[in-house]
Amino acid sequence: MEVKIGLEVHCQLNTKSKLFCGCKNDVSDVPNVFTCPTCLGHPGAKPVFNKVVLDKALEVALALKCNINKTILFSRKSYFFPDLPNNYQITQYEFPLAEKGMFDGIRITRLHIEEDPGRLVHKGSFVLIDYNRSGTPLIEIVTEPDITSPERAKDFLNKLVNALEYLGVYSRSSEASLRCDVNVSINGGNRVEVKNVNGINDVRKVLEYEIDRQQIQQAKQETRGWDSEKCITYEMRTKESEQDYGYITESNLPSFEISDIMIESAESKLPELPHVKAKRFMGDYRITPEDAEVLTTEIELADLFEAVARKIDPVLAARWLRRELVKLLSLNKKKMKEIEIDEQQMTDLMDLYFSKKITDKIAKQLMEIIIEKPIDIKKYVEENNLMAVSDENELDKWCNEVINDNPQAVDDYLKGSENSLNFLMGKVMRLSKGKASPDLCKDMIKRKLNK
Amino acid sequence: MLSIKKMGFLRDPKWCEMDIKEFVAKVKSGEINVVEYTEKVLEDIEQINSNYNYFSVITKELALEQAKKVNRSKTGKLAGVPISIKDCICVKGVESSASSDILKGYKPVFNATVVKKLIDEGAIIVGKTVQDEFGFGGFSMNVGNSFKVPYNPFDIVRSCGGSSGGSGGITQKSRYLHVSIGESTGGSIACPASFCGVYGFTPSYGVVSRYGLMDYGSSLDKIGPMAKSLDDCKKVFDVIKGHDIKDSTSLDFRENEGEVKKVAIIKESFNVNPKIKDIVINKIQALGYEYEEVSLPVVDKYALASYSLIAMSEASTNLAKYCGLRYGYQPEMKEMYNDYFSKVRSETITDEAKRRIILGTFARMAGYRDAYYLKALKVRTLIINEYRQKFKEYDILLSPTMPILPPALDEVKYLEPLELYKMDQLTIGVNLAGLPHISLNAGFVDGLPVGLMLIGDQLKDNNIFKALEGIDGS
């Protein structure tokens, strides 16, 4: 089966103020607090372009290897909807900011700047309107239909979001701040557009649903909506009733040219993007491609790795960070930027662990502590007496006790069960509160039983 | 030839024969008590309004409050000068409706930049003047149902022009010093200035901030003063001009030091009522101009079509925000939002506004956009270039302002829309090109005023004032 998927990704930019007025670009529990005559569409109010948006959008366009259109011109896209104060949206039509790019092997058709409308809030039988979001800057990134599976779409979006976070233009705070229109066709059939899909997971679900549906029902060229509760798409409008937005120039905003200096300055500000960084990590630190990919998903994680890798064995550090830190974060549903781990803590911890001064178990316990609150590792280990115990007498005492208390396991081991040895080891660890040096301990038990 | 001041209206000799310069000097010296003066002005305009319908709102309280302040401070370039504001320009806390029922009761939360500048210089805002709804018309007859049509100050059965009709009427009729702030998209300052026999100056596009002006055609709208004397026009223009951070299309306007050497009349503009032609030519000669003749064939043939398509396309989106949701007329909402929007708009706006919304929407729809909207933009460039060519050689172009005398209101009612649109023939081109122009009284035919129009090159607004220097004997 041939699947063709194209995405239109709308991403809110994290500027301080809105796109066409000085109102704060933020979310609030109190509706309509970040509003003014311009973003409420009062008669006589006029838009004024926030040029910081252009800087940020330019960086994205360059990161996606697009050609830049130097003429900036805005248009009005007309449709009536209560959340749209002017009943037209200011967007770019004839001349998008950028065209013809490439990202993660997917061709980028265009990238343009536009404003977000307000938000409808359904309360009982009422529909309320919150204009806090009205005028929030968005970039819309449109891809060619190069994506061939739902999984690939998800992968692409994750990489795109990573890149946007690296660029510092976007924060993955809520799923809703990334909205997609999804285009999908199978086996050269009609193209179906599904509008307003929130978040990456839903994009995958929509695609899986649509691919199944189109195999059963022949697809019409139409626009569908997505019901995220029922996980189904539904008919919105067919081609015949396609909306005509009657685009005209937004003549309250003069067109202007972007200078070469501005483009050069945006280019010079571009950070190393995730895939480039991953490649460098593999070369510089000789870590595996898998480790490199995971460690570059978040810029904070990548920075932590690099700092630690300068002091201790990078391969061991990479493995540890990926297996322990990343796992622990995902278990606790946390992001690197939400926790306060500094390189010193991490280096100290790994240093103690790799030099076998603390055990694997203690190291893991310490990890759980430091993702909650920052501590001085060395001091903490000392004060709580957490150093691995390799003292022969101490180990001898624990081993003897365990052997005496578990005759059955001893018997099983002697009959050839390796599991029983692990069981006995576990008992020793428990008895030592995790401090017994596991290697020494294992040797000692073996020695005692094999006598 | 009759001058405006000698038209025989009852004027209070103590107060009225002053221009801004003299008046402000007397305010500053304490010779004129601004509160007392403002009270007389309000009494006068209330009386005039009851017969002529020039105001949608008279802002008595605001005016007296400002008058008290100015009386104390005695400062500002316009200290104590009574000024009326076209209804489509926002005055904070004062009902501003562009004479449309859909904005009935709407009180803006901010002052338009021009209003703020005027108040800052001590002007007294006396009211909002009636206009064609949102500027859609040339005779001030397309007012919302709850507004009254203003009458010509020289003949009550005739039109005072439009769309800034109330502004033109009160400027002529007021027995005191008066300046009105008008707005022109396709001739809405020049036309009522001509029909009411006053000065009406339309600056270059972008020279005066549009912040707080309810958009009609955003690429065409211009705010400008209407006054009894040239110098008053200039004084108010100097206060309101200049770049405004809140209007991105506004420009930093620098005085140009050029000279006015060569003038020309526009050949095609004189295919008008022969009496009008004679009066205008006489006036041009009386001004002492030695003129040549130029032809503007592209303007003559295509300006009206190009203008109509652009203005209506822009208007159809600019008016979309008026839907009864956040301000103005808001009946109880019992239906789906789209039905509600349709209901509110059908009930309130005039037929002319509906016509322009429908035509403008049509012109920008897929399939028609290339043939109408986009082509109109290209033609606009040709028109601008045609003017630019002429201004390489000439400093001022001249024409009658209107091809007709102020028509009787009863006659206008029976004209077809296209016939009405053609009345703007002489003012459309300059407005489309965004060029500065002034209409001044050239004389009278059968007791009705005739306007002469001077057109300057883009951003050379001061050339117009230079060309007319000394006209009022000042």
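Points to keep in mind about this one:
- Just one of (1) under 21 Å from the mean Cα position of the chain (by Cα); (2) more than 16 Å from A:L84 (Cα to Cα); (3) within 13 Å of another protein chain (Cβ to nearest Cβ) fails for B:K334. It is (1).
- Scanning segment B:235-266 for residues that are among the charged types (D, E, K, R) and within 14 Å of chain A (Cβ to nearest Cβ) yields B:D244, B:K246, B:D247, B:D252.
- Sole exception among (1) under 21 Å from A:S259 (Cα atoms); (2) open to solvent by less than 40 Å² (accessible area, probe 1.4 Å); (3) within 29 Å of the chain's Cα centre (by Cα) for A:L13, by number: (1)
- Within segment B:337-371, the set of residues being open to solvent by 70 Å² or more (accessible area, probe 1.4 Å), among the acidic types (D, E) and either closer than 19 Å to B:S306 by Cβ or away from chain A (no Cβ under 14 Å) (or both) comprises B:E347, B:D351, B:D370.
- Which listed residue is away from every other protein chain (no Cβ under 14 Å), touching a residue at least 40 places away in the same chain (Cβ under 8 Å) and of a type in the set (A, V, I, L, M), from B:V280, B:V208: B:V280
- Inside segment B:446-467, residues that are farther than 14 Å from B:T202 by Cα and surrounded by fewer than 21 Cβ atoms within 10 Å (Cβ to Cβ) make up a count of 5.
- Residue identified as open to solvent by 20 Å² or more (accessible area, probe 1.4 Å), under 26 Å from A:W320 (Cβ atoms) and not assigned by TED's automatic domain parsing to the domain that holds A:N332 among A:K435, A:K427, A:K373, A:K415: A:K435
- The residues listed here are A:P96, A:P85; of these, the one that is without any contact (Cβ under 8 Å) to a residue 60 or more places away in the chain, within 14 Å of chain B (Cβ to nearest Cβ) and of a type outside the set (G, A, S) is A:P85.
- Checking B:L374, B:L309 one by one, the residue that is more than 26 Å from A:P117 (Cβ to Cβ), within 13 Å of chain A (Cβ to nearest Cβ) and buried (at least 22 other Cβ atoms within 10 Å of the Cβ) is B:L309 and no other.
- Any hit, segment B:128-145, residues being within 17 Å of A:G44 (Cα to Cα) and either of a type in the set (G, A, S) or without any contact (Cβ under 8 Å) to a residue 40 or more places away in the chain (or both): yes
- Screening A:F81 with (1) surrounded by 17 or more Cβ atoms within 10 Å (Cβ to Cβ); (2) at pLDDT below 95; (3) of a type in the set (A, V, I, L, M, F, W, C) gives one miss only, at (1).
- Taken over segment B:433-463, the residue count meeting the criterion of being outside any strand (DSSP E or B), of a type in the set (A, V, I, L, M, F, W, C) and modelled with pLDDT of 95 or more is 2.
- Residue match in segment B:224-241 (condition: of a type in the set (K, R), part of a helix (DSSP H, G or I) and open to solvent by less than 50 Å² (accessible area, probe 1.4 Å)): yes
- Residue count for segment A:16-35, restricted to those that are buried (at least 17 other Cβ atoms within 10 Å of the Cβ) and not charged (D, E, K, R): 8.
- Filter result for B:G217 (part of a loop (DSSP other than H, G, I, E, B), at negative phi and over 16 Å from the mean Cα position of the chain (by Cα)): no
- Residue within segment A:111-124 that is part of a strand (DSSP E or B), surrounded by fewer than 20 Cβ atoms within 10 Å (Cβ to Cβ) and among the basic types (K, R) present: yes
- On inspection, B:T249 passes the criterion of being over 16 Å from B:G138 (Cα atoms) and of a type in the set (V, I, T).
- Selection within segment A:341-370 - surrounded by fewer than 16 Cβ atoms within 10 Å (Cβ to Cβ), more than 23 Å from the chain's Cα centre (by Cα) and within 17 Å of A:L301 (Cα to Cα): A:Q344
- Residue pairs whose Cβ atoms lie under 6 Å apart, separated by 6 or more positions or on different chains, with the first residue in segment B:318-330 and within 21 Å of B:S218 (Cα to Cα) and the second of a type in the set (S, T, N, Q) and open to solvent by less than 10 Å² (accessible area, probe 1.4 Å), are B:A320/A:N87; B:K321/A:N87.
- Residues of segment B:263-288 classified as farther than 19 Å from B:V299 by Cβ and either open to solvent by 40 Å² or more (accessible area, probe 1.4 Å) or among the aromatic types (F, W, Y) (or both), total: 9
- Subset of segment B:377-395 (residues that are within 14 Å of another protein chain (Cβ to nearest Cβ) and either surrounded by 13 or more Cβ atoms within 10 Å (Cβ to Cβ) or of a type in the set (A, V, I, L, M, F, W, C) (or both)): B:L377, B:R380
- Residue within segment A:237-255 that is more than 14 Å from every other protein chain (Cβ to nearest Cβ), open to solvent by 80 Å² or more (accessible area, probe 1.4 Å) and not basic (K, R) present: no
- Hits in segment B:69-99 - residues which are within 14 Å of chain A (Cβ to nearest Cβ) and of a type in the set (V, I, T): B:I85, B:I89, B:V91, B:V94
- Among the residues making up segment B:312-329, a single one is at the interface with another protein chain (Cβ under 7 Å from one of its Cβ atoms), of a type in the set (G, A, S) and in contact with a helix residue (DSSP H, G or I) (Cβ under 7 Å, 6 or more places away or on another chain): B:S313.
- Top-ranked residue in segment B:57-116 [being in contact with a strand residue (DSSP E or B) (Cβ under 6 Å, 6 or more places away or on another chain) and among the acidic types (D, E); ranked as surrounded by the fewest Cβ atoms within 10 Å (Cβ to Cβ)]: B:E95
- Residues within segment B:406-423 that are part of a loop (DSSP other than H, G, I, E, B) and either in contact (Cβ under 8 Å) with a residue 12 or more places away in the chain or surrounded by 13 or more Cβ atoms within 10 Å (Cβ to Cβ) (or both), tallied: 4
- Spans of helices (runs of 4 or more DSSP H) in segment A:257-298 with at least 3 residues touching a residue at least 40 places away in the same chain (Cβ under 8 Å) and open to solvent by less than 70 Å² (accessible area, probe 1.4 Å): A:260-269
- Filtered residues of segment A:331-380 (kept if among the small types (G, A, S) and assigned to a helix (DSSP H, G or I)): A:A363
The values are calculated or read from the model by the stated rules, or taken from the named source; none is laboratory data. Everything quoted here is computed from the prediction, not taken from an experiment. In this analysis, Cβ positions are derived from the backbone assuming ideal geometry, glycine residues included, and neighbour counts consider all displayed protein chains. Surface accessibility is based on the protein's heavy atoms, side chains included, excluding ligands, DNA and RNA. Shrake-Rupley method; radii C 1.70, N 1.55, O 1.52, S 1.80 Å.
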